[in-house]
1. Would you mind stating whether A:Arg14 is under 26 Å from the mean Cα position of the chain (by Cα), in contact (Cβ under 8 Å) with a residue 12 or more places away in the chain, more than 8 Å from chain B (Cβ to nearest Cβ) and at negative phi?
2. Test each condition in (1) crowded, with 21+ Cβ neighbours inside 10 Å; (2) under 30 Å from B:Ser283 (Cβ atoms); (3) free of Cβ contacts under 8 Å to residues at least 24 places away in the same chain for A:Val44 and report the one that comes out false.
3. Counting only residues that are in a helix (DSSP H, G or I) and buried (at least 24 other Cβ atoms within 10 Å of the Cβ), how many does segment B:32-55 have?
4. Restricting segment B:144-184 to residues that are on the phi > 0 side of the Ramachandran plot and more than 9 Å from chain A (Cβ to nearest Cβ), which is surrounded by the fewest Cβ atoms within 10 Å (Cβ to Cβ)?
5. Taking B:Arg158 and the conditions (1) in contact (Cβ under 8 Å) with a residue 12 or more places away in the chain; (2) under 23 Å from A:Ala185 (Cα atoms); (3) part of a helix (DSSP H, G or I), which numbered condition does it fall short on, given that it satisfies the others?
6. Only one of A:Ala177, A:Ala142, A:Ala191 is in contact with a helix residue (DSSP H, G or I) (Cβ under 7 Å, 6 or more places away or on another chain) and under 21 Å from A:Gln70 (Cβ atoms); which?
7. Looking only at residues in segment B:93-127 that are charged (D, E, K, R), more than 14 Å from chain A (Cβ to nearest Cβ) and in a helix (DSSP H, G or I), which one is farthest from the chain's Cα centre (by Cα)?
8. If you go through segment A:178-215 one residue at a time, how many are part of a helix (DSSP H, G or I), surrounded by 24 or more Cβ atoms within 10 Å (Cβ to Cβ) and of a type outside the set (A, V, I, L, M)?
Amino acid sequence: MSTKTISITLKIWRQASSKEKGHFETYHAKHISTDMSFLEMLDVVNEQLTLDGKEPIAFDSDCREGICGQCGAVINGRPHGPEKATTLCQLHMRHFKDGDTLAIEPFRARAFKVLKDLVIDRSPLDKIIQAGGYISVNTGGAPDANAIPIPKDVAEKAMDAAACIGCGACVAACPNASAMLFTSAKISHLALLPQGRPEAAKRAIAMVRQMDALGFGNCTNERECEAECPKEISIVNIARMNREFFKASFASAVK
Amino acid sequence: MLDAKIPGGPLAEKWDRHRFELKLVNPANKRKFEVIVVGTGLGGGAAAASLAELGYNVKSFCIQDSPRRAHSIAAQGGINAAKNYQNDGDSIWRLFYDTIKGGDFRAREANVYRLAQISVNIIDQCVAQGVPFAREYGGQLANRSFGGAQVSRTFYARGQTGQQLLLGCYSAMSRQIATGKIKMFPRREMLDLVLVNGQARGIVTRNLVTGELETHAADAVVLATGGYGNVFFLSTNAMSSNVSATYRAYKKGAFFANPCFTQIHPTCIPVHGDYQSKLTLMSESLRNDGRVWVPKKPGDKRNPNDIPESERDYYLENKYPSFGNLVPRDVASRNAKEQCDMGKGVGETGLAVYLDFRDAIKRDGKDVIAQKYGNLFQMYEKITAQNPYETPMMIYPAVHYTMGGLWVDYNLMSTIPGLFVLGEANFSDHGANRLGASALMQGLADGYFIIPYTIGGYLASTPLGKVGADDPAFREARADAKARIDRLLGIRGRRTVDDFHKQLGRIMWDYCGMARNDEGLAKARIMIQQLRAEFWENVQIPGRNDDLNQSLERAGRVADFLEFSELMIVDALARRESCGGHFNEAFQTEENEAKRDDENFCHVAAWEYAGVDNEPIFHKEPLVFENVHLTQRSYK
């Protein structure tokens, strides 16, 4: 690691609550080590604001290792910032230059309410899962784990889809604020596995309907979601979801 | 003397027998009971889903914005189970024995045996839920090896095993949320436990968005709130991981067991600056193929690739030929520290050792290594800007897991009737050191397969009066919580919460970390008392209560750490031996290994709260070993 420091200008979205209007405020972050993560840089800014008796910037984060999905903000128009396949907490300051100006704002979508500053309400994503993103199996009584062989490539594909961290960057990236990448990742993960097949039709219909009902937009093949997804979830999953949905709508007894 | 309520009979039959002896709640009556579950990690998530499936009304609480994010999600490497799919000599007995030995003979035989028995059901359950474990070409489940074991019994989903298992729990919970059997309360922090007639009957929570203090009543309370590693400030824990829920239960009368048993994980990315907010683990599974070494010559600053084979010290392989790089975590960590103390550490700070994949890449090819560890290598490169395929990784030990926790009996019930504690939050199964891939196993065992039985036994056999959230005990607990918040907000001092937290962390790391001694511990205790006093006079918390206020959230947690840390010191001073993660320099073998004192310290130390400035009261649960022979752990 070659450590150096940079100074940058931050234009950060401040909004006291979901009921109030927000605005950008300018901050100067000086002597920022390039080994810092982006959120550590915000920590440093917040420490100074606190010492100055001002309210620090509210932002969500938890694991800070790119897996929990709790962090996220839009940096200069890009959810989770400029690095490919990287959550905001794993973005490091070495990717920015001395003198850069960064606009930092929350993930925006009709279905996501801003709670404060960069903190948003992503619970609509939970509601989509509640509509059918599961296999209806109670605890106990499962057959031996090796009873049903699953081809390696099928398990790998299911895992590719299951890697979604539910951060909502796909929604924020989409001009239609669509949650199709998120929804299709769960539908694909379960539809690919033999254990998920019995409910595949019912699941596809219920989850897609819930997604629409919550105010998420439609897919118009912009592919912004795939480009910004920190886990590189592929839009092939959207195609698979559509196939499952149409098959269920036209050819299955489930309505 | 504490009664762990271990059932009689032969070890292998205890759990069966106990399940038969436990009273059952009639299916039609289950819907009359309300259960609170705090935390939605593997323990809490599995418990909430399983209890709701049985028909109980569950209220589930989590600190994050969704029950899909608890810190179990960050577990990378895998989950153990005694399936013996590899035909390599594994068995329930061997998993039991490895876990007891790995824990340096400071865990309860009956609990650990039950854990090993249940391990096989967990894998079945998870596969049925759709957890995409790694597979072989024939479609069968794949396994890998982990530290402290000579068999391959670890199931995994790339480097994201915790995530996939947690999403399994989350999906099971989501199904129950949809049916209304689970009421979900996200962005809530538990501020207090409420007792009525000596029984746990509810909690006080703070709504983290509105600041509202809420009270919730129930027939039983389950805490699955994780460990306390963040007492060290820097750890591999998530930002919101804290001791507050369990510590406040301790202040209400639940005993805290073995708080000094903390696990320092050997393979983490080294510390690089004082602005750092957390440490990142590199999965132990890397030690399957990576070789740990330092230069033989102290102070050798050459590029690692320029250091010839003959000038490298593969100290784990040399010292422990039979386990090599796969010695348990406590042993690997202490050896890394020892090498660095001798001046052989590498990197800018000298506080790192190499974990080298050169030979594995030469043997298996880059593709095979990338398939096994690709995401970990990528994470390493993101953080350090170094490519581990070309340059050896640099690693150093970091706080990772806490074996100590609230004391529970065989039913996972604390000393407060009706308060159950699961997963890392309890002390039960890992003794003085946890083996890799065993935390996921324990969380899910507790949540899916133990609590559904034992909570039924409690509810069926305990007279429970009707209690509502308007009971005076709830009003009182809410008023106490409010007063504490007001006091915190009224200080308006000159130091930030994080500033105090960092200072506490440094004290704990220096004096109550990988190696401890009486003098240092005594000194640390005074430093903590002074720091705590200063905190209550000089902390600066901007903003108000009736708002989303992250400084206030953190302040409440740090205030608890400032008390709890002292309990860790008291426990460390009282244990006049070294074992597992607790290494007191005064008690070591000639080869610098931990030296136990089985005659005097083969017990669980459980502490009872007696007021902030008073000595906690010591209670002992003797550990009786009827089935394994206590030996000096040897991994040579």
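The values are calculated or read from the model by the stated rules, or taken from the named source; none is laboratory data. Predicted, not measured: the structure shown is a model, and the values here were computed from it. Reconstructed Cβ throughout: ideal geometry from the backbone, glycine too, with neighbour counts over all protein chains shown.
1. So A:Arg14 passes the test.
2. Of everything listed in (1) crowded, with 21+ Cβ neighbours inside 10 Å; (2) under 30 Å from B:Ser283 (Cβ atoms); (3) free of Cβ contacts under 8 Å to residues at least 24 places away in the same chain, A:Val44 misses just condition (1).
3. 11
4. At the first step, the residues of segment B:144-184 found to be on the phi > 0 side of the Ramachandran plot are B:148, B:158, B:180.
Among the residues that remain, those that are also more than 9 Å from chain A (Cβ to nearest Cβ) are: B:148, B:180.
Working: B:Gly148: 28, B:Gly180: 9.
Filtering first and then ranking leaves B:Gly180.
5. Checking B:Arg158 against (1) in contact (Cβ under 8 Å) with a residue 12 or more places away in the chain; (2) under 23 Å from A:Ala185 (Cα atoms); (3) part of a helix (DSSP H, G or I), the one that fails is (3).
6. A:Ala177
7. Selected residue: B:Arg94.
8. Summing the residues that are part of a helix (DSSP H, G or I), surrounded by 24 or more Cβ atoms within 10 Å (Cβ to Cβ) and of a type outside the set (A, V, I, L, M) in segment A:178-215 gives 7.
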